[in-house]
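The values are calculated or read from the model by the stated rules, or taken from the named source; none is laboratory data. If you're wondering where the values come from, they're calculated on a predicted model, not measured in any experiment. For neighbour counting, all protein chains shown are included, and Cβ atoms are generated from backbone atoms with ideal geometry for every residue, glycine included. Each accessible area value is taken on the protein alone, full model and side chains, heavy atoms only, with ligands, DNA and RNA left out. Shrake-Rupley method; radii C 1.70, N 1.55, O 1.52, S 1.80 Å.
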Amino acid sequence: MRHAVAPTQNVENTSFAVTNLLKICTHCERLSKKDLGVRIPRPLGNGPSRFIPEKEILQVSKVDTRTQSIFEDAFAALGRLDNISLVMGFHPQYLESFLRTQHYLLQMDGPLPLHYRHYIGIMAAARHQCSYLVNLHVNDFLQVGGDPKWLNGLDEAPQKLQQLGELNKILAHRPWLLTKEHMEHLLKAEENSWSLAELIHAVVLLTHYHSLASFTFGCGITPEIHSDGGHTFRPPSLSQYCVCDIANGNGHANHHDNLLSDHDMCGEVEVLMERMKQLQECRDDEEASQEEMATRFEREKTESMLVVTAEDEECVPSRDISRHFEDPSYGYKDFSRRGEHVPTFRAQDYSWEDHGFSLVNRLYPDVGQMLDEKFQMAYNLTYNTMATHKDVDTSMLRRAIWNYIHCMFGIRYDDYDYGEINQLLDRSFKIYIKTMVCSPEKTTKRMYESFWRQFQHSEKVHVNLLLMEARMQAELLYALRAITRYMT
């Protein structure tokens, strides 16, 4: 990092300005006099997340030796410990599976060269304007010998990668539109064609980074201090704190519970638990007909399209981000405004377990197994708690969240009663889910705080893991089905 040294004549003025702007503790004042003239960066945010207090995130690794061990291994392998891993540290079992899979996709033997892998990560993250992931992989791309010219824009990259732009676009926003012709275009190109193994590798990377962008925005992940957007040289303007207080997160508390009165949150968890109990009793008493189950799915699918993703106006990507992909205006909301219909994808006709898993494993050995373990880990993860309640079976709630996301993508499970979703997921939660899955760049702290207000931050991070993995699997199903149709 460059350190700019101020001219000697400005030293006294600088000292006077800084001391008057802030109340500086004796220790910091002594240091500032000693090191005067060196611009020292200060973190822009308080910790790894804008939504979760830093002390809660850091506490996890202090009390859980397994988490500490995973962090050490990750640092040894990558030379860094990113903020995504720190936030995922609430759930060490999942984090271990996630890091193992990501490491394999990016660094181990595989069909694609290393610099291609990072460039595809940049393309995928850029679709959602996720500058955090883009900057991470720009650095990795250069470290493994990638050509800096490619970073000027997708049109500077090789034709083979440019051809991936259309797949990236459709997969990120409207995967149900993918056909075998899209795959044929890549696999049978006159020049620079993709092999089946390379295409599978690329599809897994694209879906991984689309969904990781959802997690990044959904948890309010902030850039590390050494990254672009992670630091500032300007002193803070709050007069009641010393610089060291603010840099160490000792300023105003930002736990969302403080913003809400007891009255606002009263009984939220108990109401949800009671609904789960009633639904279980209804399941035991009567079973809806297949026709009724199909009707409930179509109703929920149609309603999910009408859920408004965010209050904000359209996000316009910066040139820095949009140069890594084509057609910035293409997104999820365009189709819903035009009233287009999402066709139903029946899971019994093409599922991850029976079809997708084996295709990935055949063309990219071991990856199908790793992805399957990661999906299972997110779906089955439970501590049998809900907020302060213990010994709670949360499987009904986890299934409702997973199936609601797949429902938004048109995927239907014949054995699931979609009437349960409206009983278990309230409107603010649905808005959060839809925004985070379909337009994650519009996720706000207010949205994060407005759902499940009595729940722990670790439980909300678990929700985000479910959303991320359900989204990845939904995208994968559409892409793998199109590849399977091409092959047959």
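Pairing residues of segment 144-155 that are closer than 13 Å to TYR116 by Cβ with residues that are hydrophobic (A, V, I, L, M, F, W, C) and open to solvent by 60 Å² or more (accessible area, probe 1.4 Å), at Cβ distances under 7 Å and at least 6 apart in sequence or on separate chains, gives VAL144/LEU114. Between SER358, SER428, the distinction of being more than 30 Å from HIS103 (Cβ to Cβ), in a helix (DSSP H, G or I) and either more than 18 Å from the chain's Cα centre (by Cα) or not charged (D, E, K, R) (or both) belongs to SER428 only.
Going by what's in this entry, would MET396 be described as crowded, with 18+ Cβ neighbours inside 10 Å and not in a loop (DSSP other than H, G, I, E, B)?
Working: crowded, with 18+ Cβ neighbours inside 10 Å: no; not in a loop (DSSP other than H, G, I, E, B): yes.
No.
Is it true that LEU167 is touching a helix residue (DSSP H, G or I) at 6+ places or on another chain (Cβ under 9 Å) and open to solvent by less than 50 Å² (accessible area, probe 1.4 Å)? So LEU167 passes the test.
The number of residues in segment 175-210 that are within 17 Å of MET123 (Cβ to Cβ) and assigned to a loop (DSSP other than H, G, I, E, B) comes to 3. Pairing residues of segment 352-367 that are at positive phi with residues that are assigned to a loop (DSSP other than H, G, I, E, B), at Cβ distances under 9 Å and at least 6 apart in sequence or on separate chains, gives ASP366/MET108.
The rows are residues; the columns are (1) modelled with pLDDT under 95; (2) surrounded by 16 or more Cβ atoms within 10 Å (Cβ to Cβ); (3) outside the structural domain of ILE122 (by the TED database).
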| residue | (1), (2), (3) |
| --- | --- |
| ARG323 | yes, yes, yes |
| PRO328 | yes, yes, yes |
| GLY331 | yes, yes, yes |
| ARG337 | yes, no, yes |
| VAL342 | yes, yes, yes |
| TYR350 | no, yes, yes |
| GLY356 | no, yes, yes |
| PRO365 | yes, no, yes |
| GLY368 | no, yes, yes |
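If GLN129 satisfies every condition in (1) of a type outside the set (A, V, I, L, M); (2) over 15 Å from SER211 (Cα atoms); (3) touching an Asp or Glu at 6+ places or on another chain (Cβ under 6 Å); (4) part of a loop (DSSP other than H, G, I, E, B) but one, which is the exception? Here GLN129 clears every test but (2). Quick one: would you say LEU112 is of a type in the set (A, V, I, L, M), more than 26 Å from THR443 (Cα to Cα), touching a residue at least 24 places away in the same chain (Cβ under 8 Å) and outside the structural domain of ASN464 (by the TED database)? Spelling it out, LEU112 is indeed of a type in the set (A, V, I, L, M), more than 26 Å from THR443 (Cα to Cα), touching a residue at least 24 places away in the same chain (Cβ under 8 Å) and outside the structural domain of ASN464 (by the TED database).
Report yes if ASP140 is free of Cβ contacts under 8 Å to residues at least 60 places away in the same chain and open to solvent by 30 Å² or more (accessible area, probe 1.4 Å), otherwise no.
Details: free of Cβ contacts under 8 Å to residues at least 60 places away in the same chain: yes; open to solvent by 30 Å² or more (accessible area, probe 1.4 Å): no.
No: the conditions fail for ASP140.
Scanning segment 51-67 for residues that are in contact with a helix residue (DSSP H, G or I) (Cβ under 6 Å, 6 or more places away or on another chain) and open to solvent by 70 Å² or more (accessible area, probe 1.4 Å) yields one hit, ARG66. Of note, ILE405 does not satisfy the criterion of being open to solvent by 20 Å² or more (accessible area, probe 1.4 Å), touching a residue at least 60 places away in the same chain (Cβ under 8 Å) and of a type in the set (A, V, I, L, M, F, W, C). Out of all the residues in segment 147-168, is one or more within 15 Å of the chain's Cα centre (by Cα) and more than 25 Å from GLY79 (Cβ to Cβ)? No: segment 147-168 contains no residue that is within 15 Å of the chain's Cα centre (by Cα) and more than 25 Å from GLY79 (Cβ to Cβ).
Have a look at GLN369, GLN376 and point out the one that is within 23 Å of LEU171 (Cβ to Cβ) and under 19 Å from the mean Cα position of the chain (by Cα). Show your work before the answer.
Working: GLN369 fails: under 19 Å from the mean Cα position of the chain (by Cα).
Step by step, each of GLN369, GLN376 is checked, and only GLN376 is within 23 Å of LEU171 (Cβ to Cβ) and under 19 Å from the mean Cα position of the chain (by Cα).
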